[in-house]
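Visitor: One structure follows; several queries about it will come next.
Any read-out appearing in this document is the output of simple, stated calculations on the displayed coordinates, not a laboratory observation. Computed from a predicted structure; not experimentally measured. Here the Cβ is made from the backbone with ideal geometry for all residues, glycine too, and neighbour counts use every protein chain on show.
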Amino acid sequence: MKNYKSRIITPLLSVLCIIGLFSFSIDNKIKNWFLAGSSPSDYEIGIAEVQGRSGSVAYLKSKSTKISGFGTIMQSFDSKKFNGKKVKLSAYIKSSKVEDWAGMWMRVDTEEKRAVSFDNMQDRPIKGTTAWEKYEIILDVTPESYLISYGVLLSGTGQVFLDNFNFEVVNDEIEKTGRTILDAPSNTDFEEKSRNGK
């Protein structure tokens, strides 16, 4: 068990550093989930029962009235089951008075702590107060992948509720969201076309 925890926590710490999640805390509020971010002390996570969903849902909310950073509720796991496949992450999210923005995110890393794909929905952010909605992220999990990290982030003040995260393998022809981290310069002459022809 000790070796397993070290195997997950060590690359997790590297993920946090690389993507700007400068600190994190582990508590017993939600089993197997972390509170992290550039300013985790300004946020809290917990479990609640809210209208529109059956059973328990998790929440991430601000505790301060002015926040310059962000917080995230997150989890990491061994990617082995999905290596070499295209994966869709989906979840239901509801927001309340999100002043800046919020988004679901997913990141795939190799054992050498190199990111191979990432999406945090910053190009399609959740803002203000919204009803329950299903959101999706689709990323490639390369054969050399080692760790998948995911969660929901909240920048600034507000609150988000989240429920029913799900991972599934999808057809390779489905367009991915976010971005893939390139190993080398690509399409430098602009002659290659994307799958949708744009």
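Visitor: Report Rg(Cα)/(2.2 N^0.38 Å) for the range 37-179, keeping two decimals.
Guide: 1.05
Visitor: Now for a different question. Select from the range 120-198 those GluC sites (Glu not before Pro) which occupy a DSSP coil region and have at most 15 other Cβ atoms within 10 Å, ordered by residue number. Intermediate values should be presented prior to the final figure.
Guide: Working: sites: Glu133, Glu136, Glu144, Glu168, Glu173, Glu175, Glu191, Glu192; in loops: Glu144, Glu173, Glu175, Glu191, Glu192.
Counting only loop positions with at most 15 other Cβ atoms within 10 Å, the GluC sites (Glu not before Pro) in the range 120-198 are Glu144, Glu173, Glu175, Glu191, Glu192.
Visitor: Right, another one. Could you tell me which chymotrypsin sites (Phe, Trp or Tyr not before Pro) in the range 104-198 are loop residues by DSSP with no more than 10 other beta carbons within 10 angstrom of their beta carbon?
Guide: Answer by residue number: Phe190.
Visitor: Could you work out how much longer the chain between Glu133 and Asn166 gets when fully extended? Use 0.36 nm per residue separation minus the Cα distance between them, nm to one decimal.
Guide: The span from Glu133 to Asn166 would gain 10.5 nm if fully extended.
Visitor: Restrict the search to the range 53-131; then list the GluC sites (Glu not before Pro) that DSSP places in a loop and that have at most 13 other Cβ atoms within 10 Å of their Cβ. Working shown, then result.
Guide: Working: sites: Glu99, Glu111, Glu112; in loops: Glu111, Glu112.
Counting only loop positions with at most 13 other Cβ atoms within 10 Å, the GluC sites (Glu not before Pro) in the range 53-131 are Glu111, Glu112.
Visitor: Let me ask another. Holding the Cα-Cα limit at 25 Å, pick out from Lys85/Lys134; Lys29/Lys113; Lys61/Lys86; Lys97/Lys134; Lys94/Lys176; Lys61/Lys127 the pairs that are longer than that.
Guide: Pairs exceeding the cut-off: Lys29/Lys113; Lys61/Lys86.
Visitor: Next question. When Lys and Arg each count +1 and Asp and Glu each count -1, what net charge do the other residues less than 15 Å away from Ser95, Cβ to Cβ, add up to?
Guide: +3
Visitor: Can you sort Val170, Val141 so the residue with the fewest Cβ neighbours within 10 Å comes first?
Guide: Val170, Val141
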